[in-house]
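The values are calculated or read from the model by the stated rules, or taken from the named source; none is laboratory data. Just so it is clear, the model here is predicted, and its values are computed rather than measured. FYI the Cβ positions are ideal-geometry reconstructions off the backbone, even for glycines, and counts take in every protein chain you see. Just the protein is used for accessible areas: all its heavy atoms, side chains included, with ligands, DNA and RNA removed. Shrake-Rupley method; radii C 1.70, N 1.55, O 1.52, S 1.80 Å.
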Amino acid sequence: MPASMPKPSPKPSSPGRPSPRKPSPRASSRKPLIYGAVVVAAALLGYVSYQATAPDSPASSSSSVADVTADPDEGVYPELAKLARRDAGDRLALGRADAPVVLIEYADFKCGYCAKFARDTEPALVKKYVDAGVLRIEWRNFPIFGAESEAAARASWAAGQQNRFWEFHRAAYAEGTKEKGFGKERLKALAHQAGVPDLDRFLRDTDGTAAAAAVSRDQEQGYGIGATSTPSFLINGRPIAGAQPAETFTQAIEQAADRAKNLGSAGQDAKGSAGPESAEEDRDGSRSPDGSASSEGSASPESSSK
């Protein structure tokens with residue numbers, strides 16, 4: 001599935017990737033989060049993201065980064081696995097903090113391919129793996145399509161402060177929603193639809209410094225691993241670009257779960273062993289993308305309207 005990227009060049013003379021939209025001068029001045037061999041993964045993530053949207057490039061599952069193979073170690077970068085936060089209080093996450101597999105998604109609410117993943121693939125992953133305690137999904141706001149993307153990202157964080165992030169996520173990614181835009185009144189309407197109880201607080205939180213800081217933190221992490229398009233994913237340190245077919249994700253999750261039995265869960269080397277919270281405790285009252293109680297291709301600005 002093609003990927004959404006900021007302003008790809010029409011006909012590059014040599015393989016490469018277009019320059020991503022930077023989150024802010026302050027954020028872009030930070031040092032990259034990746035070093036050593038992980039730079040290879042970042043370069044691959046950006047290059048394949050570009051290839052997915054390059055003119056005359058066929059859209060196919062072969063455009064996924066770190067193609068899933070029979071070898072569960074191939075294409076896996078331990079330093080990227082450590083980016084899993086495993087914070088039991090994270091309201092933008094679904095699943096047990098000690099789940100053996102963590103899927104990190106870097107996405108934009110104006111991205112059409114992100115919406116496709118949210119509607120067509122994610123609910124099945126939640127039902128099959130999150131509810132079984134195998135998978136944790138951690139959301140990273142990665143707005144790359146301008147001011148409305150930034151506003152929607154802050155609004156999603158604000159909804160999360162009232163335990164309605166996933167309901168807001170589902171409303172924002174519903175068919176036809178992004179075409180209506182994400183102006184202030186529209187975001188308030190989506191929050192109401194998501195069941196956010198205190199809309200005045202929601203508006204204050206959306207415009208507050210905490211929301212801006214949280215979004216900036218996620219953006220910096222995304223740019224730090226070399227992501228240039230949405231959606232981009234890490235599954236226990238394996239990068240995947242784009243709304244790939246469901247089998248790409250199921251195979252990567254199952255391989256990561258098998259690998260974790262011997263090597264430990266993603267992120268635990270950096271965070272320490274996660275506590276034995278139950279799935280119900282970790283879900284923090286959230287709901288899955290399909291609306292049930294749960295532990296709950298990528299696109300460029302040009303291609304996201306597809």
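Computed quantities for the displayed model
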read-out	value
Unsatisfied cross-links (Cα-Cα over 21 Å) in the set Lys110/Lys180; Lys127/Lys188; Lys110/Lys188; Lys82/Lys128; Lys82/Lys261; Lys128/Lys261	Lys127/Lys188; Lys82/Lys128
Mean-position separation - Cα centroids, segment 90-121 and segment 184-232, in angstrom	14
P(r) of segment 77-172 over all Cα-Cα pairs, binned every 10 Å from zero, in whole percent	16, 48, 33, 4
Where Rh is the Kirkwood radius over Cα pairs, Rg/Rh for segment 88-135	0.99
Linear extension gain, Glu247 paired with Ala124, 0.36 nm per residue minus alpha-carbon span	43.2 nm
Amide proton proximity set for Arg136, modelled H, under 5 Å, gap of 5+	Val101, Val102, Leu103
Of all accessible heavy-atom area on segment 115-254, the percent that carbon and sulfur account for (1.4 Å)	49
For peptides 190-202, 233-245, 93-105, 162-174, sequence by mean Cβ density within 10 Å, most packed first	233-245, 93-105, 162-174, 190-202
Fully extended contour minus Cα-Cα distance, from Arg217 to Glu185, at 0.36 nm per residue	8.9 nm
